[in-house]
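These notes concern the structure reproduced below.
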Amino acid sequence: MQIILFVYGLSFFILGVLVLFVQTKESTIFFARKIWLLGVFALLHAFVEWVFLYMYLYPNYESLLSPIKFILLLLSYLFLFEFSRFIVRESFKDNTSKLHFLHTLYAAPVIYIISLSSLLGLIIIQPSLDGAIAAIRYTYGFFGSLFLGIGLYYYGESLKKSEYVERLKIYFKVPGVAFICYALLAGIAVSPTQYFPGNTINTTWFLETFGIPVQFFRALCALVITICSIKALQIFSDETHLKMVRSLKQIKRFSSDVSHELKTPLTAMKGEIEVALKEPRSQEEYQTILRSTLEEVDTLQSIVKNLLMLTYLEKESLKTKFTPQNLDDVLLKAIEDLIIIGSQKNIIFEIGTLESLVVNGDEILLKTVFSNLIENAIKYSPNHTTVSLSLTSSNRMACFHIEDEGNGIDEEKLSLIFERFYRADDSRSKQIKGFGLGLSIVQQIVDVHDGIIHVKNRKPKGLEIEVMLPLVS
């Protein structure tokens, strides 16, 4: 028994130390940023088991150590419960999930009122220190472990697909099952109580029935959870390292691209001004040079404006300012602004289904998405053609659809069009002004709104773009 309790505590102690000392906050995965709660639980719970071990070896100190065990147990399970609350809400935040009701149930005001009421009710039934410890195990130990297990099992499915997520899924599912087992072993098989199920299913019944103390199986669960957590932490560490390397490469490439894009209009302006100063010129010639210089200044302003927009989109606090937006109204405003530009090429806007939909977001940013996509469609469409638009809903998502009748993009280049400063060097972009930033801005705005964007070529010709944004529930 001594060895079991020591290993049980040691497993959680190792888990706690690893979780708290491995840097995971730079990870893009929500789980990694909240795992410190699991680390605190593990450390506190390790001391709970070691206090219990000391009480087992030295029964004379039981009266002194029992209150300490009670406090440590309560604190540890509260941290576990809070971690499970975050994971459950994150796992089932999708409105289409069959278990979405757990997202609502596990809102802090709701679940803590329910849990505290349950805890106080059980303590009233058996008003003693042992009764209070059993009540904590039933209320926060059982439900915290059970729903954390369920949340972890499904958590991987709620993440956007990436190399890291595919590697992490198994390390969410296995400890998910382990936590469910732990819930049954630590939250059901408790010390005997005066009420059900503790008066029937308890640690004494477990030992008499199976011949093995329940702590042995708890220790196995703890070992599985610890091993999987170590593997997950390794993946988080790899992700952070590769993210830093990728960021350095992007900064280097971005600096190079910016230098090149700013250099072109500056060189043109310098050349025109130098030519103008070489000899006296007529008023008309000076006006021509100034108009050309003004065009280059407009180009510089556009580049700087777009770069500032990209920087603004990288702010983490941006989402906190989101409010419900009528997406159909935002789309109509964008169309209204661009209809004159389309008429200059005799382009007809064919508006299909236009549903009244509400999403959570920033009106200016959402309008920028529509404006950039519509303006691109006008730019790359021949004269006397049609640009088709629609706004519909599907699976709790708003779906904006736009099609043009241009030349499309080579299939191998479709995946590159959202990169900064990228412009396809085919017939679609020849002799058309642009800096290759518009679609990059669209991609980032869609990402910050938790949306998805798809691009594909139409048959026989043209481009088709679909933007999907989550609807307000």
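The values are calculated or read from the model by the stated rules, or taken from the named source; none is laboratory data. Every value quoted in this text rests on a predicted model; they were computed, and no experiment measured them. For neighbour counting, all protein chains shown are included, and Cβ atoms are generated from backbone atoms with ideal geometry for every residue, glycine included. Calculation scope for accessible area: heavy atoms of the full protein, side chains included, ligands and nucleic acids excluded. Shrake-Rupley method; radii C 1.70, N 1.55, O 1.52, S 1.80 Å.
General remarks:
- Kyte-Doolittle mean at least 0.5 and Cα axial length at least 18 Å: DSSP H helices in the chain: 2-21, 36-57, 62-91, 108-125, 163-187, 327-343, 363-379
- Model label points for residue 395 and residue 207, set 7 angstrom from Cα along the Cα-to-Cβ axis, are 5.3 nm apart.
- Note on the chain: helix-only mean residue ellipticity at 222 nm, from DSSP H runs of 4+ residues weighted -39500 (n - 2.57) and normalised by residue number, equals -21500 deg cm²/dmol.
- Principal semi-axes in Å for the stretch 1-88 [√(5λ), Cα gyration tensor, largest first]: 29, 14, 8
- Nearest-0.05 FRET efficiency for residue 288 and residue 356, computed from C-beta distance (R0 56 Å): 0.65
- Every Cα-Cα pair in the stretch 1-150 was counted, and those over 23 Å apart are 43% of them.
- Rg and Dmax of the chain, based on Cα coordinates, read 30.7, 109 Å.
- Rg/Rg_globular for the stretch 160-233, with Rg_globular taken as 2.2 N^0.38 Å and Rg from C-alpha atoms: 1.42
- Cross-link table 93/305; 270/367; 305/333; 34/305; 93/319; 69/169, entries beyond 25 Å C-alpha to C-alpha: 93/305; 270/367; 34/305; 69/169
- Those GluC sites (Glu not before Pro) in the stretch 355-402 that DSSP places in a loop and that have at most 16 other beta carbons within 10 Å: 355
- Shape annotation for the stretch 77-122: C-alpha extents along the principal axes are 35, 18, 15 Å, from largest to smallest.
- Across the stretch 70-224, the convex hull enclosing all Cα atoms gives 116 Å³ per residue.
- For a paramagnetic label modelled on residue 129 (point 7 Å from Cα along Cα→Cβ), amide N atoms under 11 Å away are absent within the stretch 171-199.
- Lys, Arg +1 and Asp, Glu -1 on Cβ, resulting dipole of the chain about Cα centre, debye, nearest 20: 1020 debye
- Surface exposure of the chain, expressed per residue as accessible area with a 1.4 Å probe, stands at 52 Å².
- Leading residue at positive end of dipole, the chain (Cβ point charges), from 344, 418, 16: 16
- The chain, accessible surface, carbon-and-sulfur percent (1.4 angstrom probe): 61 percent
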